[in-house]
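No lab work stands behind these numbers, since they all come straight from the coordinates. Since this is a predicted model, take the numbers as computed values, not measurements. With ideal geometry, Cβ positions are generated from the backbone for all residues, glycine too; neighbour counts draw on all protein chains shown.
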Amino acid sequence: MSKGNETRDAILTQATSVASKVGLTGMTIGQLASHTGMSKSGLYAHFESKEALQIEILRHTRERFVERVIRPALQSPRGVSRLHTLFEAWLTWSDAFEEGGCLFVAACSELDDQPGPVRDALVRDERDWLELISTVTATAVSEGEFPEDVDVDQIAYELHAITLNHQHASRLMQDPRALERARRAFDSIIDRARKT
């Protein structure tokens, strides 16, 4: 990795940390300059605009998500085992952020009514995530663990809902049983799918 790419990656790591606390739109170039020890003009040399920086923060976060959540799941056996690994990895994903929780969850609330390129990038990421959950669920069908008529998109929807609620329960509500409840909800969906 070149020196310029290393610097850019370090900036994005800091920017992701700041954005997870104050939001993508709440983050300023001034805040980021303070966290990185760089000048505002130095930051603008790497990113043409705040919007470009926001899109790069999402890309950077997506790469981390692939490394910590998706790749480990895809290395596990196909079927329910892979779906379980994917789900468990997501439950611990927000722990990757020291403060603020999952940037994607925060950005979804922040940008849901804010049209533009940043929201478009986030929507693509969310659609890709739901499609991946559906695809992994479909491997449970092809492995004979779920019936052929199971609605894989509905399962993806419900599993995603659990992960979003887990973020809410664990971080905002500080429910000590949030993890246990999320796992019980997952088991309930799997049991119901097997009986469909």
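Mean residue ellipticity at 222 nm from the helices of the chain, using -39,500 (n - 2.57) per DSSP H segment of n ≥ 4 over the full residue count, to the nearest 500 deg cm²/dmol?
After summing the helix terms and dividing by residue count, I get -22500 deg cm²/dmol.
Across the Cα atoms of the chain, what radius of gyration and what greatest pairwise Cα-Cα distance (Dmax) are found, in Å?
Cα only, the chain: 18.5, 60 Å (Rg, Dmax).
Can you give the local net charge around E56? Use residues other than it whose beta-carbon is closer than 11 angstrom to its beta-carbon, Lys and Arg +1, Asp and Glu -1.
Neighbourhood net charge equals 0.
Would you mind counting up the charge near T139? Only other residues with Cβ under 9 Å from its Cβ, with Lys and Arg at +1 and Asp and Glu at -1. Spell out each step's value before the answer.
On the way: positive: R78, R82; negative: E143, E145.
Charge balance near T139 sits at 0.
Which FRET efficiency value, to the nearest 0.05, do you get for D128 and S41 by plugging their Cβ-Cβ distance into 1/(1 + (r/R0)^6) with R0 = 35 Å?
Approximately 0.50, to the nearest 0.05.
Measuring from label point to label point, each 7 Å out along Cα→Cβ, what is the R78 to D175 span in nm?
About 3.5 nm separates the two model spin labels.
Can you tell me how much longer the chain between D120 and R68 gets when fully stretched, taken as 0.36 nm per residue apart minus their C-alpha distance, in nm with one decimal? Can you show the working numbers first?
Details: separation 52, 0.36 × 52 = 18.72 nm, distance 2.35 nm.
Full-extension gain reported as 16.4 nm.
Test of the criteria: in segment 6-83, which GluC sites (Glu not before Pro) are in a DSSP loop and have at most 16 other Cβ atoms within 10 angstrom of their Cβ?
Values: sites: E6, E48, E51, E56, E63, E67; in loops: E48.
Filter output for segment 6-83: E48.
Select from D125, D113, D175 the residue whose mean-square fluctuation is largest in a Gaussian network model of the chain (Cα-Cα springs shorter than 10 Å).
Maximum fluctuation in the GNM of the chain, among the listed residues, is at D113.
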